[in-house]
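Encoded as structure tokens, the structure appears first; notes follow it.
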Amino acid sequence: TDLSTIHTQEATSVPEATEPATVEESSSVQESETVKEGTTGISVQLETYSSGNISIQYPQVSGLSDSKLQDSINENLKNNALSVITGYEADEAKDSMTVTCEVVSVDRRSITVVYTGTYTADGAAHPVNLFYSNTVDLKDNTNLGLGDFTDSYTMAGYVLSSDVTFFGLDEEQTKAVLEYRQGLTMQELTDTFNQADFPIQQGVVWPPSFSYEKQGDIFFSLPVPHALGDYVIVRFVPSTK
């Protein structure tokens with residue numbers, strides 16, 4: 001089951017904008033398009049890093065009053081987006097990777113983006129479905145993660161509970177994931193969620209889970225076998241718990 005597109009949603013329409021200057025750098029070609037522009041004056045453009053068969057979209061913000069802070073935020077967003085290459089030890093000359101970016105929300109306080117795509121190692125029998133996310137505080141350029149929205153132990157208990165909700169799955173897919181869940185333990189899940197999100201912790205090659213918040217609801221990924229899609233998204237609604 002391919003779950004790599006379950007977060008797709010329509011981009012917010014925006015006023016016509018002047019096309020930004022093309023940025024040139026070695027081994028990459030970048031294209032920009034404005035995808036979100038709110039009433040706060042903060043706008044977001046998606047740029048694309050390309051090298052060989054690797055293509056990764058990432059966001060860049062504009063409209064902040066502090067230009068130095070804005071530059072550091074944009075560098076942070078780009079580095080996090082492209083870190084999936086190192087995280088999966090992808091060979092840019094031989095492997096294939098395509099990642100698209102969705103801007104979930106942006107305002108004066110923070111930007112939240114979700115990445116989905118696929119990675120195919122050279123000679124691999126099948127592609128791996130990718131999911132990761134990044135929330136950055138626009139006041140101080142810090143990365144926000146699951147620990148800023150809730151706590152790992154509580155979410156581990158929720159995943160093992162009878163009222164867990166998997167976002168975007170049909171009845172058959174949900175049944176298969178629940179069967180797989182029977183082999184998981186509270187400690188395993190707590191450890192997984194403790195390593196979630198950016199910044200990548202020392203000793204962690206690539207976070208096993210990523211999370212974000214949208215309109216008060218908390219969404220986070222749970223790694224599953226490839227036959228189940230490589231990951232599923234858990235939805236936690238605090239107001240109902």
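Things worth noting here:
- Label-reachable residues, region 67-104, where backbone N falls under 17 Å from a point 7 Å from residue 40's Cα toward its Cβ: 67, 69-74, 77, 103-104
- Full extension of the chain between residue 186 and residue 167 gives 4.8 nm of extra length, using 0.36 nm per residue less the Cα-Cα distance.
- Pairwise alpha-carbon distances in region 119-218 exceed 20 Å for 50% of all pairs.
- Neighbourhood net charge (10 Å Cβ-Cβ; Lys/Arg +1, Asp/Glu -1) for residue 211: -3
- Charge dipole (region 83-211, unit charges on Cβ, about Cα centre) - positive-most of 176, 134, 166: 134
- Cα shape, region 51-172, gyration tensor, a/c 1.5 rule: oblate
- Rounded FRET efficiency, nearest 0.05, which uses the C-beta distance separating residue 201 from residue 108 and R0 of 25 Å: 0.30
- A Stokes-Einstein calculation at 37 °C with viscosity 0.692 mPa s, built on the Kirkwood radius of region 57-127 over Cα pairs, returns a diffusion coefficient of 239 µm²/s.
- For region 91-163, the square roots of the Cα gyration tensor eigenvalues, ordered a ≥ b ≥ c, give a/c of at least 1.5 with a/b no greater than b/c, which places it in the oblate category.
- Largest to smallest principal axis extent of the C-alpha atoms in region 169-218, angstrom: 37, 31, 17
The numbers here are math on the coordinates, done by the rules we state, and not lab data. In this text, all values refer to a predicted model and were calculated from it rather than measured experimentally. All Cβ positions, even for glycine, are placed from backbone atoms using ideal geometry, and neighbour counts span all protein chains on display.
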